[in-house]
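Undergrad: Below are the C-alpha cells for one structure; questions will follow.
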Amino acid sequence: MNAWCQTLGITPPKLEAVVGHREANTFSLLLVALLERGEPMILPDVAARFEAAGIAERSRSLLSLQRCKPGRPPVYRVGDLYHLDPHDPELDLWAFRLDLRPPKFARPPVPAVEPTPVVDPDAALTPAELDLAWKDASLTSWSAQRLALAVLDAFGGPRAPAEVVAAVTERTKWHRLTVDPVGFRRRNSAVEVLPDGRWSIAEDAGQALSSARAAVRDRVAQANQRTAMYSTPEDREQRRAESERVRAAHGARLARMSRALIVAFPPDRPQAAALLDVTAHQITTFVGDELPALRARLACYDIIGGVDVRGLLRALEVEPGARRLAELGPPQKTKRLNRSNRTLHITTAMLVQTSCGIDRPFTEEEKLARTLERGQLTKLRSGLEKDLQSLHALYEYGRLHGYVCLRWGRLDERFPASWAHPDEPRLHDLKKTALALDVPLELVVGSAPGWEEPWARLRLAHVERGRDPWELWLVDEDGTPIDDPDVQRARLTVVFH
C-alpha cells in the first residue's frame with residue numbers, strides 16, 4: 001500500500017472502478033489517478049491514464065485537467081509534478097464521497113419494513129391516522145377542501161370551522177386552511193356550509209372524499225416506512241456522542257503535536273531564517289553558518305508552517321517527509337471586485353492586516369536586503385522576528401476561527417484556514433463548553449495581542465443563546481455584543497482559575 005492510501009486507511013483504488021460514480025468529475029478523477037499511482041504525476045501522464053481508462057481521448061483529457069484548477073487542495077504543485085497532501089481533510093472527504101473508504105460511523109442495519117395493513121378504501125378515516133399522516137408535515141400543497149374533508153370524515157360529522165382548523169393546526173403548522181375559505185360556498189364544493197355555519201361533507205362528495213382518504217393513507221404508509229427505516233432518537237444521540245468523542249480524541253492528539261513556524265530571507269536562497277516554537281512561545285534566529293542548526297531543529301517538529309512552506313523547506317534543503325505542513329499563504333490569489341473586472345491581488349500581508357489588525361505586518365524586502373548587505377545582523381534578526389510574530393498572529397487567528405478575513409472597501413470575505421483541522425477546538429466549541437459549564441470566556445478582542453504579554457488585554461465575556469439552538473452570542477460584562485471575527489484569543493476561565 002502506498003503512503004497516501006495508508007494515511008487515508010484505504011487500498012489503492014482503480015480508476016476504471018470510479019468512472020461513472022455520481023461524484024466523479026475531472027478533479028476527483030485526478031485524485032484517484034494520483035492515489036492509484038502512489039506518487040506525483042505530471043498532467044500529460046494523468047491524461048494518458050484517463051485515455052487508458054476510457055474516460056476521454058488524451059488531448060481532451062489534458063485540456064479538461066488544465067481547466068479544473070488541478071493545483072487546489074488537497075493537490076499541490078511542485079514544478080510540473082502534482083502531489084497529494086495526505087493530511088488535508090479534503091482528501092479524506094473525497095475518499096468517502098467516492099466510496100473509497102467506509103463511513104467512520106456505520107448506520108445501524110435497516111430492519112425489514114412490515115407491510116401496511118390493507119384498509120377498506122371506503123372506510124372512514126380515524127384521528128389516529130391523521131396523527132400519523134400530518135405530524136409536523138408540510139401540507140401547504142393540500143387544498144382547503146381536502147383538509148376539511150379528512151377532518152370531518154375522521155371525527156364523524158359536521159364541525160364548526162374553528163374546530164376543523166384547530167384539528168389540522170394541532171398536528172402541523174404548515175397548512176393553508178382558514179375558517180372562511182371562499183371555495184366552500186360554491187355549488188360544486190365537496191364541503192357544505194350548513195345554515196348554522198358548521199361544515200359538513202356534501203352528499204355528492206364521493207370522489208373528493210375518496211381522494212382525501214387515499215392521500216391521508218398514503219402518508220400513513222410513508223410515515224410507517226420512515227419509522228422502520230430510521231433510527232430512534234436514542235440511537236441518533238448515541239451516534240452523535242460517539243462522533244463527538246472520536247472528534248475530541250483526534251483533536252487532543254493534534255493539540256499534542258509540536259508546531260513550528262518559519263520565515264527566511266531571501267526566500268529562494270536563504271541566508272537568514274527565524275523559527276517560532278508555537279508551544280514554547282519562543283523565537284530563535286539563524287544567520288549564515290547557523291542555518292544547519294535550523295535544519296536539525298526542524299526535524300523535531302510534527303507540524304511546520306510558513307508562507308510557501310514547501311518551497312521554503314526545499315530552499316533550506318529540508319525534507320518534510322510525513323510531517324504536516326501548514327501553508328499560511330493566501331488560499332486565493334485574486335478577487336474580482338466588480339463587473340468592470342477590477343481585480344484585487346490578495347497577499348498574506350492583507351490577511352494579517354484585516355484579520356489581526358496589524359498595520360505593517362512584514363518588514364520590506366528592500367530593507368531586509370540592505371540590512372543583510374551591510375552586515376547589520378541585529379537589525380536583520382529583529383526584522384525576521386517581527387515577521388514571524390505577525391505570521392504567528394495569523395496562524396492563531398485561523399486556528400481559533402477556522403478562517404481568515406479579508407476586508408477591503410466594501411469587500412468582507414472569509415477564507416478557510418487550511419492549517420486549522422476541523423477536529424481542533426474552535427471558538428464555537430469554546431462557547432458551547434462555556435455555556436454548558438456556566439462560566440465566562442477570557443478573550444482578547446480587537447487587534448492581535450502583544451508578543452510579550454499576549455493576555456494583557458484580557459476581558460471576560462458571557463455566552464448567550466440566540467433564537468436558534470446553534471446561535472451562541474458573546475456579550476461582555478457591560479452587555480455589549482462582541483462579534484466573533486473581532487476575537488483574537490479565547491480560553492475557558494475554568495481551566496485557569
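Undergrad: If you take just the strands (runs of 3 or more DSSP E) that sit entirely in segment 283-364, which of them hold at least 1 residues that are hydroxyl-bearing (Ser, Thr, Tyr)?
TA: 334-336, 343-345
Undergrad: Going by what's in this entry, would PRO331 be described as surrounded by 15 or more Cβ atoms within 10 Å (Cβ to Cβ), modelled with pLDDT under 95 and more than 23 Å from ALA272 (Cα to Cα)?
TA: Working: surrounded by 15 or more Cβ atoms within 10 Å (Cβ to Cβ): yes; modelled with pLDDT under 95: yes; more than 23 Å from ALA272 (Cα to Cα): yes.
Taking the combined requirement at face value, the residue satisfies it.
Undergrad: If I ask for residues that are out of contact with any Asp or Glu (no Cβ under 9 Å at 6 or more places or on another chain) and either in the same structural domain as LEU8 (by TED's automatic domain parsing) or closer than 20 Å to GLN389 by Cα (or both), which ones from segment 313-327 would you list?
TA: Start the filter on segment 313-327 by keeping residues that are out of contact with any Asp or Glu (no Cβ under 9 Å at 6 or more places or on another chain), which leaves 314, 316-322, 326.
Once the filter is applied, which keeps residues that are out of contact with any Asp or Glu (no Cβ under 9 Å at 6 or more places or on another chain) and either in the same structural domain as LEU8 (by TED's automatic domain parsing) or closer than 20 Å to GLN389 by Cα (or both), segment 313-327 yields only ALA326.
Undergrad: Okay, next question. Exactly one of (1) over 25 Å from PRO320 (Cα atoms); (2) of a type in the set (Gly, Ala, Ser); (3) buried (at least 16 other Cβ atoms within 10 Å of the Cβ) is unmet by GLY54. Its number?
TA: So GLY54 meets the others, but not (3).
Undergrad: Is there a residue being more than 19 Å from the chain's Cα centre (by Cα), farther than 28 Å from THR285 by Cα and without any contact (Cβ under 8 Å) to a residue 24 or more places away in the chain anywhere in segment 444-456?
TA: Checked against the condition, which is being more than 19 Å from the chain's Cα centre (by Cα), farther than 28 Å from THR285 by Cα and without any contact (Cβ under 8 Å) to a residue 24 or more places away in the chain, segment 444-456 yields no hits at all.
Undergrad: Another question, if that's okay. Based on what the data block shows, is LEU147 modelled with pLDDT of 90 or more, within 30 Å of SER210 (Cα to Cα) and assigned to a loop (DSSP other than H, G, I, E, B)?
TA: no
Undergrad: Being of a type in the set (A, V, I, L, M), buried (at least 18 other Cβ atoms within 10 Å of the Cβ) and more than 23 Å from LEU254 (Cβ to Cβ) is true for just one of VAL404, VAL463. Which residue is that?
TA: VAL463
Undergrad: Here's another thing I want to ask about it. For segment 122-144, which positions are within 15 Å of HIS175 (Cβ to Cβ), not charged (D, E, K, R) and not in a helix (DSSP H, G or I)?
TA: ALA137, SER138, LEU139, THR140, SER141, TRP142, SER143
Undergrad: Now for a separate question. Would segment 467-483 turn up any residue that is part of a strand (DSSP E or B), of a type outside the set (Val, Ile, Thr), buried (at least 20 other Cβ atoms within 10 Å of the Cβ) and touching a Leu at 6+ places or on another chain (Cβ under 8 Å)?
TA: Yes, some residue in segment 467-483 is part of a strand (DSSP E or B), of a type outside the set (Val, Ile, Thr), buried (at least 20 other Cβ atoms within 10 Å of the Cβ) and touching a Leu at 6+ places or on another chain (Cβ under 8 Å).
Undergrad: Ok, one more. Please state which one of ALA202, ALA215, ALA221, ALA208 is without any contact (Cβ under 8 Å) to a residue 40 or more places away in the chain, outside the structural domain of GLY383 (by TED's automatic domain parsing), more than 33 Å from the chain's Cα centre (by Cα) and surrounded by 12 or more Cβ atoms within 10 Å (Cβ to Cβ). Before the answer, list the steps.
TA: Values: ALA215 fails: without any contact (Cβ under 8 Å) to a residue 40 or more places away in the chain; ALA221 fails: without any contact (Cβ under 8 Å) to a residue 40 or more places away in the chain; ALA208 fails: without any contact (Cβ under 8 Å) to a residue 40 or more places away in the chain.
Unique residue meeting the criteria: ALA202.
Undergrad: Shifting gears a bit: Among the numbered criteria (1) in the same structural domain as SER138 (by TED's automatic domain parsing); (2) among the small types (Gly, Ala, Ser); (3) touching a residue at least 12 places away in the same chain (Cβ under 8 Å), which one does SER243 miss?
TA: (1)
Undergrad: Out of all the residues in segment 336-353, which are at pLDDT 85 or above and either basic (Lys, Arg) or within 24 Å of the chain's Cα centre (by Cα) (or both)?
TA: Those that are at pLDDT 85 or above and either basic (Lys, Arg) or within 24 Å of the chain's Cα centre (by Cα) (or both): ILE346, THR347, THR348, MET350, LEU351, VAL352.
Undergrad: Would you please name the residue that is farthest from ALA260 (Cα to Cα), looking only at residues in segment 275-333 that are of a type in the set (Asp, Glu) and without any contact (Cβ under 8 Å) to a residue 60 or more places away in the chain?
TA: ASP289
Undergrad: Quick check on GLU39: is it touching a residue at least 24 places away in the same chain (Cβ under 8 Å), closer than 21 Å to ALA17 by Cα and exposed (fewer than 14 other Cβ atoms within 10 Å of the Cβ)?
TA: Numbers: touching a residue at least 24 places away in the same chain (Cβ under 8 Å): yes; closer than 21 Å to ALA17 by Cα: yes; exposed (fewer than 14 other Cβ atoms within 10 Å of the Cβ): yes.
Against the criterion (touching a residue at least 24 places away in the same chain (Cβ under 8 Å), closer than 21 Å to ALA17 by Cα and exposed (fewer than 14 other Cβ atoms within 10 Å of the Cβ)), GLU39 qualifies.
For every residue, the table says whether it meets (1) over 23 Å from PRO425 (Cα atoms); (2) crowded, with 16+ Cβ neighbours inside 10 Å.
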| residue | (1), (2) |
| --- | --- |
| ARG236 | no, no |
| GLU242 | no, no |
| ALA248 | no, no |
| GLY251 | no, yes |
| PRO266 | yes, no |
| THR284 | yes, yes |
| ARG295 | yes, no |
| GLY306 | no, yes |
| ARG324 | no, yes |
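Table: residues versus (1) among the aromatic types (Phe, Trp, Tyr); (2) surrounded by fewer than 19 Cβ atoms within 10 Å (Cβ to Cβ); (3) within 25 Å of LEU325 (Cβ to Cβ).
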{"residue": "LEU34", "(1), (2), (3)": "no, no, yes"}
{"residue": "ALA48", "(1), (2), (3)": "no, yes, no"}
{"residue": "ARG60", "(1), (2), (3)": "no, yes, no"}
{"residue": "PRO73", "(1), (2), (3)": "no, yes, yes"}
{"residue": "LEU84", "(1), (2), (3)": "no, no, yes"}
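The values are calculated or read from the model by the stated rules, or taken from the named source; none is laboratory data. Here the structure is a predicted model, which means the values were calculated and not measured. We place every Cβ from the backbone using ideal geometry, glycine too, and count neighbours over all the protein chains shown.
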